[in-house]
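*Asks:* One structure is given below, represented as structure tokens, and several questions about it will come after.
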Amino acid sequence: MSDASLEAIDTRILQSWMDARNLGSGDIQDISFIAGGTQNMLMRFRREADVYVLRRPPMHKRANSDETMRREARVLGALRDTDVPHPRLIAAESDENILGAAFYLMECVDGFNANLEMPDPHRSDPLLQHAMGLSMADAIAALSRIDPIAVGILNLGKAHGWIERQAPRWRSHLETYSAFDNYDGADIGDVDMVSSWLSRRAPLSMQVGIIHGDFHFSNVLMRRDKGALAAIVDWELATIGDPLLDLAHLLVTWPGNSTVRSPSLEGVNLPTPEEVISHYAQQTNRDMTHLVWFRVLAAYRLGIILEGTNARAGAGLAPRETGTLLHETAVSLIEHASTLISQDNS
């Protein structure tokens, strides 16, 4: 636990805030900070027998960090009483003045991150490993079936024109990185060619649904007792659009794919990408005609997002080593998108 992490969360204020809402009793104890993504903080703690996880932006917030927390809390609240595996939302605070940022509390999910560890019995059971992979498809299939109108979050994003906006939206996002000091506009590949192809080949229709936006093994917790998901986590990129993007994102980041490194999952008996696609299609009855387009979009989009860390690293806002690593990954992703385009015969 770093001093900086403790400074970011005043536990005395948090305890008073919880007391006012009848959330547990006793002192806040057994504080630990959970390793995970580089963007936000996760603090696990206990009040007597109850265990909680607090999520808030990092100390050096981005312009939209607080709004991201509010959106995440809203999505988790909307998923209550659905069959989508997720951490149960306990309470949320939109006022940035309480802890210096918007934050929310959620239940502590008993599960493991397969990208960090592979405990027994999963480590020694190929059948559990295979089921674990298929459960990834089950989870996003369940999410795709949720009607955003029914759960009250249709206005989380703009469904109309979502397909047409994707290529120019992310190309414009890449251009914003030039505002960072010492960013030289590092070349990540032929983004203009990929963007042009996405615009020309855009599907004429879409299914409107909830998108997680960053679905891969690092953003899920697996159950310890069987090959199934315990929860999808890190909902910061959730929006409204075509849920097929989540399947495409999963395929782009699938272990064994050279674009994204997953050393802890190498050699694990996971399903093939083709099995994952087939399983998802069976669960959703989705037409896969335009899956290549979504896979190209997923690689293009993720490459541009990751390059943002490289831009921030140049300005001293992220570790230099992390920026270099993610720049290399961004290059691989744009190359992967280009390869998918060259192989497309549709």
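The values are calculated or read from the model by the stated rules, or taken from the named source; none is laboratory data. Just so it is clear, the structure is predicted and the values come from calculations on it, not from any experiment. As a convention, Cβ positions derive from the backbone with ideal geometry for all residues, glycine included, and neighbour counts pool all protein chains shown.
*Asks:* Would you please list the contacts, defined by Cβ atoms under 8 Å and residues six or more apart or on different chains, that run from a residue in segment 251-273 that is surrounded by fewer than 18 Cβ atoms within 10 Å (Cβ to Cβ) to a residue that is of a type in the set (G, A, S) and not in a loop (DSSP other than H, G, I, E, B)?
*Replies:* Partner pairs satisfying both residue conditions: S258/S332.
*Asks:* Mind listing whichever residues of segment 218-229 are surrounded by fewer than 20 Cβ atoms within 10 Å (Cβ to Cβ) and either in a strand (DSSP E or B) or in contact (Cβ under 8 Å) with a residue 60 or more places away in the chain (or both)?
*Replies:* Scanning segment 218-229 gives S218, L221, R223, R224, K226, G227, A228.
*Asks:* Now a separate question. Of all residues in segment 9-32, how many are surrounded by 14 or more Cβ atoms within 10 Å (Cβ to Cβ) and not in a loop (DSSP other than H, G, I, E, B)?
*Replies:* Count: 7.
*Asks:* With the checklist (1) more than 17 Å from E236 (Cβ to Cβ); (2) touching a residue at least 24 places away in the same chain (Cβ under 8 Å) in hand, flag the one item N97 doesn't pass.
*Replies:* Result: N97 fails condition (2) only.
*Asks:* Which of the residues spanning segment 331-342 are in contact (Cβ under 8 Å) with a residue 40 or more places away in the chain, under 19 Å from F294 (Cβ atoms) and not charged (D, E, K, R)?
*Replies:* Once the filter is applied, which keeps residues that are in contact (Cβ under 8 Å) with a residue 40 or more places away in the chain, under 19 Å from F294 (Cβ atoms) and not charged (D, E, K, R), segment 331-342 yields S332, L333, I334, H336, A337, S338, L340, I341.
*Asks:* Does A248 fit the bill of being of a type in the set (A, V, I, L, M, F, W, C), modelled with pLDDT of 95 or more and part of a strand (DSSP E or B)?
*Replies:* Judged against the criteria, A248 is not a match.
*Asks:* Name the residue, out of N182, N155, that is under 20 Å from the mean Cα position of the chain (by Cα) and either closer than 19 Å to F294 by Cβ or exposed (fewer than 13 other Cβ atoms within 10 Å of the Cβ) (or both).
*Replies:* Every option except N155 fails the conditions.
*Asks:* Identify all residues within segment 145-187 that are in a helix (DSSP H, G or I) and more than 18 Å from R301 (Cα to Cα); write none if there are none.
*Replies:* Of everything in segment 145-187, those that are in a helix (DSSP H, G or I) and more than 18 Å from R301 (Cα to Cα) turn out to be L154, N155, L156, A179.
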